[in-house]
Structure formats: C-alpha cells, structure tokens
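These notes concern the structure reproduced below.
The values are calculated or read from the model by the stated rules, or taken from the named source; none is laboratory data. Keep in mind that what you see is a predicted model, and the values were worked out from it rather than measured. Only protein heavy atoms, including side chains, enter the accessible area calculation; ligands, DNA and RNA are left aside. Shrake-Rupley method; radii C 1.70, N 1.55, O 1.52, S 1.80 Å.
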Amino acid sequence: MATSSFYTGSALTHLQCSACGREHDANRLQNLCPDCGKVLLARYDLQRAARSLTKESVAARPRGMWRWRELLPVRETRHIVSLGEGDSPLLPVPRLGARAGLKRLLLKDEGSNPTGSFKARGISAALSRAAELGACDLALPTAGNAGGALAAYAARAGLKAHVYMPVDAPELNKKECGVCGAEVVLVRGLINDCGAWVRRRAAEEGWFDLSTLKEPYRAEGKKTMGLELVEQLGWSVPDILVYPTGGGTGLVGIWKALEELEQLGWIGSRRPRMIAVQTEGCAPIVRAFQQGLDHAPAVADAHTRIGGLRVPAAVADSLMLGLIRRSGGTALTVTDDEALDGMREIASSEGVFAAPEGGAVWAGIKKLVASGAIDREEQIVLMNTGTGLKYGELVSFDFPVVDRS
C-alpha cells in the first residue's frame, strides 16, 4: 500500500451500462446499472492515457498490475492496495502440448499471484477504488478464492471484510479468510445462495457489495491479464484463448483489454477465439451457447467438485455469450474427473500445480483437438486461474511407507 500520494494518471471518465448504454458517475460507489440492473463497465479517455502510457513506459515501470495505472480506476496512489499482484508468467509447455500433438501451447499461470489466484487482481482494483470512494465495510459471496483475496486485501488496507461461502468450500479457503481477519459465514447452499445473504446483509448494514460484476472494477483488475498477455506475445494476440468460466469476469476483462489496446493503436482488430470451459454438472453458459440463446438460464441442480466453476447463474451471461460468438469461439463441458486428471497431467508434465479449473481447461483443449476444432499448429493459451495447493483434498495418493533404517 502506498505511503505517499500522487495522481496516477488514471484516464477513467465514467461508467457505461453494457446493456442500455447509459452513462453513470464514476466518482461515486456504484453496483449494477440503476436504470436496467445490468453490468456497468469503466470507460477511459484513451487519448489522454496515451500521453503517458506507451509501450516503452509500461515496460520500464516496476513490475506488477499497477504499471498499467492509466487504464485502472484509482486516481491517487495512496488509495492503491497492493500485495504485488500481476505479471504472472506465460510459460511454454511443450511436454504438455505433446500429449495432444500441439506445437505452440502456452500456459498463463495465475497461481503465482498473492493469495494464489487471479482473484487478487480483481480485488486489488475493486477494493482500492471502493476505499478511494469511501467504503469501509466490504462483502462478497465466494466459492473460495475471491473470499481469500478480499480478506487479505482488506487486512492490508485496514478495512472490514464479510465473506459468505458454501459450507463445503475448500478448507484452506475458509482458513485463509479467517486468519486474515474477515467475518466468515458458511451457507448451506451454492454461491448464488451466498449472494442472496450478501445482498440482504449489505442492505441492512451498509456494506459495499463486491460481488462478481455487480460492481465495475473487479473486471478492471482482471483485464490486466489481457494487457500482459499481449505484451508477453510481442504485442500480438494468440489464435485461441481457453478459459475456465464461472462468473466470467476474466473473460469479460480480457476482451475489454483487447478492445482498449486496439483503440490505443497497439494491436489490430484480430481477436483470439475465446473458448469457455465449464463442467457437466454446472454449465449454464455452454447450454445457452449451444441453444443459441442470448442469456443463460440458471442451472437448478448445479453440482461439481470444481468450486470455481460451481456458478449456476452469472450476471454477465449475455456479455460472455456475445464475446464468445463475436470471436468465433465456442463453449464446452468436461467432467469433474477429466478436470482432476488434467491437474495431474499439467503438474507431472510441466511442474505447474494448477487449480482444478486449470485442469478443466486442459481437458477441454484435448477434446477440441480430438474433434478437429483446434488446429495443432495454432498458438493456444491455457489460462490457469490459480494454484492447486489449496485443493489438496481433491488429489490422493497411496505412498509406500518404510521403517527407519
């Protein structure tokens, strides 16, 4: 957290509804569009940003997410709450790729972030901006990793955090939230049930709700994955980007990053084919995509052991479906067992202990190759959204035991 203050050069101008297009004030706390209840997106004066943000200047700054400060929403450095998030590695994974005959497979490893997942990026941006606008008590529903990130960043900032998570969330996520001082409430239900509790309690207590895409700035932190990826590829885009899809902030954020980079003149109009992977037991986006729908009805009987993908309804469903189709991408499901096998394959091939969501992505890539939907010569990015170290209960081994010699 910064100890002195200067203006960041943020080019933030206003918020715009992703559905009705109406503009709203970026200088007050906002959740969904007050006119139609849809997702608000942050908008920037990119001509102004370009006065100080260049390819050379961003490369010369200290590493981390906040070197993209002109394209992030916080106006004064004293409000930036950071634990060193961002600049995750983009790793060639040739041995993994060889398992499916892929020659240009890359893995973006978000498990290297503070708190062990990409959630650190979104929470850093959203919490920092909320604090700048006067919020003191923050709350969200979570499958696990977002709660851990909120607890850690709230502790860093001296703010109060209220985390609601399913009772069967991973144990390490629960302990992470507790040890960082958050109020943790376990709910007998899914993340949407946790969300209902947050909405109720936030209204009663005056907490600010940081739920996925129910405020504008978590997506801004997540979009830095896209900014970094293009920089790491020498200011080009891959042919295909495969993403584990729950609430969808990562997909929405990366797509937004590419749009802003094009407006800056740093890339052209070509986009990667955006591919969403969900599990068979909770696949609202896949079902809607396959049925040609513009929105995704909630899954009534959602069940999967892959916690980050157990999201039966997403507020950004229309945004995700739109960008997948515009990119020429697709959406598909894998089984829980395929995702867990994917974790093992990534780790044993490349030494990256991926989250089960990353394992699901690898399982999805293999299915696409087998069906001919992916050309083996294409450049493919596997987005691993977190570390597998938090999910020890999902993997088991029978190790031999010997006596002392």
For region 224-365, which semi-axes, largest first and in whole Å, follow from the square roots of 5 times the eigenvalues of its Cα gyration tensor? 25, 20, 11
Where a ≥ b ≥ c are root eigenvalues of the Cα gyration tensor, a/c under 1.5 meaning rounded, otherwise prolate if a/b exceeds b/c and oblate otherwise, region 1-42 counts as prolate
For Lys38, the lysines lying under 21 Å Cα to Cα, once residues fewer than eight places off in the same chain are dropped, come out as Lys214, Lys222, Lys223, Lys256
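Among the DSSP beta bridges whose two residues both lie in the chain, what percent are antiparallel, rounded to the nearest 5?
Numbers: 14 of 45 bridges.
DSSP beta bridges in the chain are roughly 30 percent antiparallel.
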Over its alpha-carbon atoms, region 166-221 yields an Rg and a Dmax in Å of 12.3, 31
Binned at 10 Å from zero, the C-alpha pair distances of region 310-386 give percents of 17, 44, 34, 5
Compactness of region 28-69 as Cα Rg over 2.2 N^0.38 Å, two decimals: 1.65
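With the other protein chains left in place, how much accessible area per residue, in square angstrom, belongs to the chain at a 1.4 angstrom probe?
Working: 15980 Å² over 405 residues.
The answer is 39 Å² per residue.
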What are the ³J(HN,Hα) values, in whole Hz, obtained from phi via the Karplus relation 6.51 cos²θ - 1.76 cosθ + 1.60 with θ = phi - 60°, for each residue of region 339-349 in sequence order, with x given for Gly and Pro? 5, 5, 5, x, 3, 5, 5, 4, 5, 6, 8
For region 85-164, compute the orientation-averaged projected area of the C-alpha convex hull (one quarter of its surface), in nm². 6.2 nm²
Which Rg and Dmax, in Å, describe the Cα atoms of region 93-229? 16.4, 55
Beyond 21 Å, what percent of the Cα pairs of region 161-262 remain? 49 percent
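Would you mind computing Rg(Cα) / (2.2 N^0.38 Å) for region 23-105, counting N as its residues? Please list the in-between numbers first.
On the way: Rg = 18.7 Å, N = 83, 2.2 N^0.38 = 11.8 Å.
Working it through for region 23-105, the quotient is 1.58.
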Accessible area in the full protein assembly, largest first, 1.4 Å probe, for Ile365, Ile267: Ile267, Ile365
Euclidean distance between Cα centres, region 338-375 to region 40-112, Å: 24 Å
Compactness of region 243-318 as Cα Rg over 2.2 N^0.38 Å, two decimals: 1.24
Along each of its three principal axes, how wide is the spread of alpha-carbon positions in the chain, in whole angstrom units, largest first? 58, 53, 46
Kindly report, to the nearest 10 Å², the accessible surface of Lys214 as traced by a 1.4 Å probe over protein heavy atoms only. 50 Å²
Starting from the Cα gyration tensor of region 191-232, multiply each eigenvalue by 5, take the square root, and state the resulting semi-axes largest first in whole Å. 30, 10, 5
Taking amide hydrogens as modeled 1.01 Å from N in the peptide plane, which residues meet the under 5 Å criterion relative to Leu91, leaving out close sequence neighbours? Leu107, Lys108, Asp109
Considering only protein heavy atoms and a probe of 1.4 Å, how much of the accessible area of the chain is carbon and sulfur, as a whole percent? 49 percent
To the nearest 10 square angstrom, what accessible area does Met225 show with a 1.4 Å probe? 0 Å²
